[in-house]
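The values are calculated or read from the model by the stated rules, or taken from the named source; none is laboratory data. Note that the structure is predicted; figures quoted are calculated from it, not measured. Here the Cβ is made from the backbone with ideal geometry for all residues, glycine too, and neighbour counts use every protein chain on show. Just so you know, the surface numbers come from the protein's heavy atoms only, side chains and all, with ligands and any DNA or RNA stripped out. Shrake-Rupley method; radii C 1.70, N 1.55, O 1.52, S 1.80 Å.
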Amino acid sequence: MPRYSYERLSAQDASFLAAETPTVHMHITGTQIFDAAPLATADGGIDFAAIKRNVEGVLHLIPRYRQRLKWIPLENHPVWVDDHHFNLDYHIRHTALPRPGSDEQLKRLCSRIMDQPLDRQRPLWEFWVAEGLAGNRFAIISKMHHCMLDGQAGADLAHILLSPTQQSEANEPVPYIPRPSPTSSELFRDSLSHRLALPLQALARLREVTRLPADAREEFWVRVRALADLVGWAVQPASDTPLNGRIGPHRRFEYLITPLADVKRVAKKLEASVNDVVLAVVTGAVRDFLVRRRVRPDKIDFRVSAPVSVRRSEQRGEMGNHVSSWIVRLPIDEADPVAQVARIRTVTDDLKRSRQALGVETMMAVAEWTPSVLLSLGARAASGPINMIVTNVPGPQQPLYLLGCRLLEVFPQVPLLQTTGIGAALFSYDGKLCWGVNGDYELVPDLPHFVRALETGLGRLVAAAG
């Protein structure tokens with residue numbers, strides 16, 4: 001019985017660490033805007049100490065928040081260990097906008113926070129409490145590394161940190177007793193045992209496949225075909241566009257609110273999904289944006305990566321990543337918004353039938369058996385076949401509260417990849433569809449024009465759908 005405790009990162013979780021470079025920071029950021037009234041102080045500030053106590057009272061429910069990375073020697077694969085020097089003051093930070101702070105100033109603050117990498121010697125998360133926002137509001141900018149969680153896990157996490165009721169009392173903190181961590185030599189010994197067992201495990205898996213019933217064998221070959229399809233995309237580089245190129249370390253951030261009911265009405269009228277309508281709105285915005293940049297949309301094969309959750313019901317509430325993705329060609333050559341929805345619906349229906357999302361899931365299962373250096377190369381190549389990321393996470397449709405302060409909006413920020421100069425993330429909450437658009441500072445200096453094109457495009461689609 002070992003006297004120490006650690007948890008090995010899955011191949012998918014580790015891939016987000018491998019993808020990181022000095023200019024590509026793989027953390028997810030979310031900006032939550034609250035009504036400040038219950039926590040407002042007499043001098044116009046915010047009761048920061050109460051917010052800190054509230055987070056401290058739920059830390060025992062989120063063990064990952066008090067764990068840091070440790071690396072297996074030679075194999076160079078990360079594991080989670082308890083942080084024996086955990087200090088909450090490092091992770092929860094207090095700042096202020098010059099009163100009355102505008103939304104533009106908040107966006108610039110979000111951009112600067114997104115610019116900075118997380119310290120890998122500490123637990124990989126930060127909360128920035130920003131007071132001074134006009135309209136008696138304040139914001140919490142949460143920043144967590146993608147190796148900790150995916151979008152759905154982030155939505156589940158909101159139910160721990162926030163409350164569906166207007167309770168104003170924080171939970172009492174549970175004492176933290178970190179578990180012993182392994183030494184480097186102990187990690188190496190365990191890893192060696194793990195690696196020596198892999199060939200026998202692979203042989204056992206192969207024998208299992210040969211003995212599978214017909215339905216299970218068909219599932220196996222569906223996964224093989226999905227993986228081959230993914231490899232086929234990877235060897236076809238995406239078209240060069242003004243939105244793509246080598247990105248720098250700095251970001252721009254814009255956000256937008258649209259009624260969720262509008263998107264649902266269009267989806268129902270056109271017999272499409274909400275995600276189909278979102279992709280159509282993005283299609284129209286990309287088309288308008290490229291025309292504004294004097295580029296012919298009909299000459300470009302524009303592809304987006306649309307993450308798809310593969311989280312099973314028993315995995316709800318778990319940290320870590322259980323996500324795959326579709327690669328979708330956007331019909332930016334089409335001017336009619338209704339026709340855009342129809343073409344996208346055809347593509348996504350085909351993707352559902354072919355089960356393309358199994359490709360990434362299968363690749364990550366294979367990656368569990370490969371050396372870390374190959375995982376790193378695969379992570380670097382992943383951004384090659386796409387022009388943009390569009391991710392849509394469904395959130396709660398009832399109000400949430402922080403110590404009695406009502407959550408008004410949530411704007412997610414998706415990390416950019418090596419050559420993707422722009423990414424859009426959406427979060428539905430309390431009847432609103434909250435868009436967060438992240439852009440490279442140099443490649444997309446006109447990011448506000450893209451966001452206005454999203455708003456205009458949705459309006460055009462609503463009108464065209466009657």
Quiz prompt | Residues of the stretch 244-268 satisfying the condition of being under 19 Å from the mean Cα position of the chain (by Cα), crowded, with 16+ Cβ neighbours inside 10 Å and either over 27 Å from D115 (Cα atoms) or among the aliphatic types (A, V, I, L, M) (or both) | solution = I247, L256
Practice problem: Residue by residue through the stretch 130-168, note down the ones that are in contact (Cβ under 8 Å) with a residue 40 or more places away in the chain, in contact with a helix residue (DSSP H, G or I) (Cβ under 9 Å, 6 or more places away or on another chain) and surrounded by fewer than 17 Cβ atoms within 10 Å (Cβ to Cβ). | Solution: N136, I160, Q166, S168
Quiz item: Going through the stretch 172-189 one residue at a time, which ones are of a type outside the set (A, V, I, L, M, F, W, C), in a helix (DSSP H, G or I), within 14 Å of K70 (Cα to Cα) and open to solvent by 40 Å² or more (accessible area, probe 1.4 Å)?
Solution: S184, S185
Quiz item: Looking only at the stretch 1-22, which residues are open to solvent by less than 40 Å² (accessible area, probe 1.4 Å) and outside any helix (DSSP H, G or I)?
Solution: Y4, S5, L9, S10, A19, E20, T21
Practice problem: Could you figure out which of (1) of a type outside the set (A, V, I, L, M, F, W, C); (2) assigned to a loop (DSSP other than H, G, I, E, B); (3) within 19 Å of the chain's Cα centre (by Cα); (4) over 14 Å from T29 (Cβ atoms) isn't true of G466? | Solution: (3)
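Quick check: anything in the stretch 13-22 out of contact with any Pro (no Cβ under 7 Å at 6 or more places or on another chain) and farther than 29 Å from G248 by Cβ?
Scanning the stretch 13-22 turns up no residue that is out of contact with any Pro (no Cβ under 7 Å at 6 or more places or on another chain) and farther than 29 Å from G248 by Cβ.
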Self-check item: Tabulated pairs, the stretch 427-447, first under 18 Å from G459 (Cβ atoms), second charged (D, E, K, R) and open to solvent by 10 Å² or more (accessible area, probe 1.4 Å), C-beta under 9 angstrom, 6+ apart or interchain
Solution: K432/E409; L433/D262; C434/E409; W435/E254; W435/E455; V437/R252; V437/E254
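Select the strands (runs of 3 or more DSSP E) contained entirely in the stretch 383-442, then report the ones holding at least 1 residues which are within 21 Å of L109 (Cβ to Cβ). Even if it seems obvious, please write down each step before you answer.
Working: elements: 388-394, 405-413, 422-429, 432-440.
Passing ranges, in order: 405-413, 422-429, 432-440.
Restricting attention to strands (runs of 3 or more DSSP E) lying wholly within the stretch 23-109, give those where 2 or more residues are farther than 25 Å from F427 by Cβ and of a type in the set (G, A, S).
Working: elements: 27-35, 67-71, 78-82, 92-101.
Strands (runs of 3 or more DSSP E) meeting the threshold: none at all.
Just checking, which of P337, P371 is over 24 Å from the mean Cα position of the chain (by Cα) and either at pLDDT 75 or above or buried (at least 22 other Cβ atoms within 10 Å of the Cβ) (or both)?
P337
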Self-check item: Positions within the stretch 34-60 being within 14 Å of G132 (Cβ to Cβ) and open to solvent by less than 10 Å² (accessible area, probe 1.4 Å), in sequence order
Solution: F34, A36, G45
Exercise. Six or more apart or on different chains, Cβ under 8 Å: which pairs go from a residue in the stretch 179-203 that's modelled with pLDDT of 70 or more to one that's open to solvent by less than 80 Å² (accessible area, probe 1.4 Å) and assigned to a helix (DSSP H, G or I)? Could you list them?
Key: P182/D190
Quiz item: For T31, which of the numbered conditions (1) open to solvent by 10 Å² or more (accessible area, probe 1.4 Å); (2) in contact (Cβ under 8 Å) with a residue 40 or more places away in the chain; (3) β-branched (V, I, T) fails to hold?
Solution: (1)
Exercise. Kindly check whether there is at least one residue in the stretch 103-116 that is among the hydrophobic types (A, V, I, L, M, F, W, C), out of contact with any Ser or Thr (no Cβ under 6 Å at 6 or more places or on another chain) and either closer than 26 Å to P399 by Cα or without any contact (Cβ under 8 Å) to a residue 12 or more places away in the chain (or both).
Key: yes
Self-check item: Qualifying residue in the stretch 246-265 (condition: β-branched (V, I, T) and part of a loop (DSSP other than H, G, I, E, B))
Solution: yes
